[in-house]
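Since the structure comes first, as structure tokens, the remarks are kept for the end.
The values are calculated or read from the model by the stated rules, or taken from the named source; none is laboratory data. Fair warning: this is a prediction, and the values are worked out from it, not measured in the lab. We place every Cβ from the backbone using ideal geometry, glycine too, and count neighbours over all the protein chains shown.
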Amino acid sequence: MKKLSVNLFVVILLLSVFLTVPNVKAETNNPAISINNLTFPTNHTGYDLSSSFTENNLWNSDKGSIAIRFTSSNLSSIQSLFSVSNNSTTTPNSHFHIYVKSNMVGFEIRNQSGGDYEKRTIRVPLISNREHALVLTADPASGYKIYLDGQLALVDGLQEFTTTRGYGLFNVIPFANSAKIGLTDRNGSSANQYRFTGSVKSFLLYKDEISSEAAILFTKPSLDNPVKSNLLFDKGDWNAPAFRIPSLLTTQKNAILAIADIRYGDSNDSPNNIDIGIRRSVDGGSTWTNPALMLNFADYPNVSTSQLTNSASYIDSVVVEGNNHRIFHFVDAFKGGVGQANSINSSGYTDIQGVKYLTLVNSIGKKYYVGANNRVIDPTTDTATTYTINDDFGLLNNGSLIGNIFYKTSPLTVEATAFVMMSYSDDEGVSWSQPTIINDQIKTNDMKFLGTAPGVGIQLKKGVYAGRLIVPMYYTSNLYSTEYSAVMYSDDNGLTWTLGESPNVGRIGGAQKLHESQLVEMPDGQVKMFARTIGKTAIATSFDGGLTWDDQVDLSAELVMSSSSGCQLSIINYSQLIQGKPAVIFANPAATTRANGAIRVGLIEEGGTYTSNDPNKNNRTIYNFNWISKKVIRTGEFAYSSLTELPNGNIGILFEENNTKFTLDHLVYEEYTLETLLK
């Protein structure tokens, strides 16, 4: 007992000494100003903090942290969340403010004359009627930092200042006398006060720079919001005005690949100057590699322009992972001046005694073909010309590069039709093989357009076709009047490909055509195709791995689609059971227009068995979908999307936030927990 008493005395003594040590972080951990639950209608005078600034000696502060949790009702124009200013009539331009706008946040320290003292604007996913949380920290030793929705969005060290005036905060506003939440107090006849409309749930102002951990904790999104939200493809990072057609894949080794069209000639489809860009993440989507072009035709510079109809183009990506971690990428390619609408019916190949050779044409339409050793052959004489082509589709004359067979100005070009290209990566998307044309395996001469249905493909895991790679496609033909969905498949890990039958054939067409599609696998290996159609989502079933399709094609009114044109959709299998059942995740613009972007969770439920004369179908399980939740992630415009299951079991989505020309200047990446999607 004596030994225990001595030990207890020592503990008490140590505790008493520890508790007498001053808390050096007390001022940081306790805000100088704390305000909660403010509402700002259209016309307001702001919430005045001037007396609090005086009481806390803040007017001359050169450091601090401002934390704001807010919801804006309209982000169409710049709005001030918080400001410090001199509101005299002679100095309407002298102010500091933190401001927000659609997909934009920043701060400005402005002089009465001579321009900005300091200004920073960053592009981030910021939308109306969603709660966001922001922290701005400032310190003369480290510069400025901005945190938004749980992520560090800007680190602006002292060496990065855009002006020569140096660092500053409230202390550089001469004779500052007004501090307000919700507007910038400017007393000039034409001075814009940047009124904020919406609500501020909490406002905290600290005299010091708070820790990164504290800033991220404050800005952590609520359960209703995404875990992460980034403008992954944005005009600020790429020298391009528009981005479309997202493709998102999580590999078996947990890399995340985000691929999209980089459209230099505005948002128009081919013919246009369109290349393919990629960004990768190896930490679950927390950080991403710098923007990089994956496929690039160089007939026109990669600069922002209006539509360039003479440019060659790559468009519409699909990715799928096969055996041995080989990742395949498929894309449509057109020579300059050609797109889906004006593709001629042709495979693009010349058939000579059962062997197919790539066809080339000259400016007056005379045809040639590419024979052995990539030498161009004149079929009228069956002799080799002085032309050859290289692996980059370059055209050479006597060994000298003189063009590219996809460039409109080249002496010889491919035919004016659609080409499907394949490349692959064996290092998680870091590098890719040269693209090769696979038309000779999958395209017939009646087809005008044959191309990918953008998004992802799948590898079957169950049943007799386990291991098969399946890639969604669609085509037009001089035999039919509408688009036809289909899949191509490979049973040898991408060495050869076969195009399967279309579920449209003899069953459905016209306004109820099956168009762009995505695929999921049922528990017994059946394939379900979810396809774009008018007003509804079409669901087709294959019992033989995509070779043929069942006569019954369901049209789901619950999975509503644009009533004018339909829209691409995204669907994936989820790896874990939900409520004890296998499940899928589905996303599309859930409205009769391209708007109201939603993510749904669907349970795969058994509904008996089929009775059929078809041995592939007879006694097979009937599978239905029970859509148990619908999470609207955008109430406004929303178009193409691509879903993926992330390494942590959360759901990632890359999507087009807008659908109007001249607004498609970014793609948004967001991560949602399953709990949020089921809420």
Could you tell me whether any residue of region 278-288 is at positive phi, small (Gly, Ala, Ser) and part of a loop (DSSP other than H, G, I, E, B)?
-> yes
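Name the single residue, out of those in region 17-62 being β-branched (Val, Ile, Thr) and either at pLDDT below 70 or in a loop (DSSP other than H, G, I, E, B) (or both), that is nearest to the chain's Cα centre (by Cα).
First, the residues of region 17-62 that are β-branched (Val, Ile, Thr): 17, 20-21, 24, 28, 33, 35, 39, 42, 45, 54.
Subset that is either at pLDDT below 70 or in a loop (DSSP other than H, G, I, E, B) (or both): 17, 20-21, 24, 28, 42, 45.
Values: 17: 55, 20: 53, 21: 51, 24: 44, 28: 37, 42: 33, 45: 39 Å.
Step by step, filter region 17-62, then rank; the result is 42.
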Filtered residue count, region 35-54, keeping only those that are within 19 Å of residue 95 (Cα to Cα) and exposed (fewer than 15 other Cβ atoms within 10 Å of the Cβ) = 4
Candidates 286, 281, 317, filtered to the one that is surrounded by 17 or more Cβ atoms within 10 Å (Cβ to Cβ), farther than 20 Å from residue 406 by Cβ and under 17 Å from the mean Cα position of the chain (by Cα) | 281
Checking residue 154 against (1) at pLDDT 95 or above; (2) among the aliphatic types (A, V, I, L, M); (3) over 22 Å from residue 60 (Cβ atoms), which test does it fail?
-> (1)
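Rundown of residues vs (1) touching a helix residue (DSSP H, G or I) at 6+ places or on another chain (Cβ under 8 Å); (2) at pLDDT 95 or above; (3) of a type in the set (Val, Ile, Thr), yes/no style:
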{"residue": "585", "(1), (2), (3)": "yes, yes, yes"}
{"residue": "610", "(1), (2), (3)": "no, yes, no"}
{"residue": "620", "(1), (2), (3)": "no, yes, no"}
{"residue": "635", "(1), (2), (3)": "no, no, yes"}
{"residue": "640", "(1), (2), (3)": "no, yes, no"}
{"residue": "648", "(1), (2), (3)": "no, yes, no"}
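Can you find even one residue in region 291-299 that is over 17 Å from residue 240 (Cβ atoms), surrounded by fewer than 24 Cβ atoms within 10 Å (Cβ to Cβ) and polar (S, T, N, Q)?
First pass over region 291-299, keeping only residues over 17 Å from residue 240 (Cβ atoms): none.
No, region 291-299 has no match at all.
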Kindly provide the set of residues from region 376-405 that are over 20 Å from residue 297 (Cα atoms) and either exposed (fewer than 14 other Cβ atoms within 10 Å of the Cβ) or in contact (Cβ under 8 Å) with a residue 40 or more places away in the chain (or both), ordered by number.
-> 380, 381, 382, 383, 386, 398, 399
Hey, could you check region 217-256 for residues that are within 15 Å of the chain's Cα centre (by Cα) and of a type in the set (Phe, Trp, Tyr) and say which is nearest to residue 659 (Cα to Cα)?
-> 243
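For residues that are at positive phi and surrounded by fewer than 17 Cβ atoms within 10 Å (Cβ to Cβ), tally how many sit in region 544-565. Reasoning before the result, please.
Initially, region 544-565 is screened for residues at positive phi, giving 545-546.
Now drop any that are not surrounded by fewer than 17 Cβ atoms within 10 Å (Cβ to Cβ), which leaves none.
Residues in region 544-565 being at positive phi and surrounded by fewer than 17 Cβ atoms within 10 Å (Cβ to Cβ): 0 in total.
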Could you look through region 635-671, keep only residues that are under 16 Å from residue 568 (Cα atoms) and of a type in the set (D, E, K, R), and pick out the one that is surrounded by the fewest Cβ atoms within 10 Å (Cβ to Cβ)?
-> 637
All but one of (1) of a type outside the set (Val, Ile, Thr); (2) under 23 Å from residue 41 (Cα atoms); (3) at pLDDT below 85 hold for residue 160, so report the exception by its number.
-> (2)
Please indicate, with yes or no, whether at least one residue in region 444-459 is in contact with a helix residue (DSSP H, G or I) (Cβ under 8 Å, 6 or more places away or on another chain), assigned to a loop (DSSP other than H, G, I, E, B), surrounded by fewer than 24 Cβ atoms within 10 Å (Cβ to Cβ) and in contact (Cβ under 8 Å) with a residue 24 or more places away in the chain.
-> no
Residue by residue through region 63-79, note down the ones that are touching an Asp or Glu at 6+ places or on another chain (Cβ under 9 Å), in a strand (DSSP E or B) and at negative phi.
-> 65, 69, 70, 71
So which strands (runs of 3 or more DSSP E) stay within region 508-560 end to end and still have 2 or more residues that are over 16 Å from residue 570 (Cβ atoms) and under 30 Å from the mean Cα position of the chain (by Cα)?
-> 537-542, 554-556
Among residues belonging to region 338-375 that are in a strand (DSSP E or B) and of a type in the set (A, V, I, L, M, F, W, C), point out the one that is surrounded by the most Cβ atoms within 10 Å (Cβ to Cβ).
-> 360
Could you check how many residues of region 347-365 are on the phi > 0 side of the Ramachandran plot and touching a residue at least 24 places away in the same chain (Cβ under 8 Å)?
-> 1
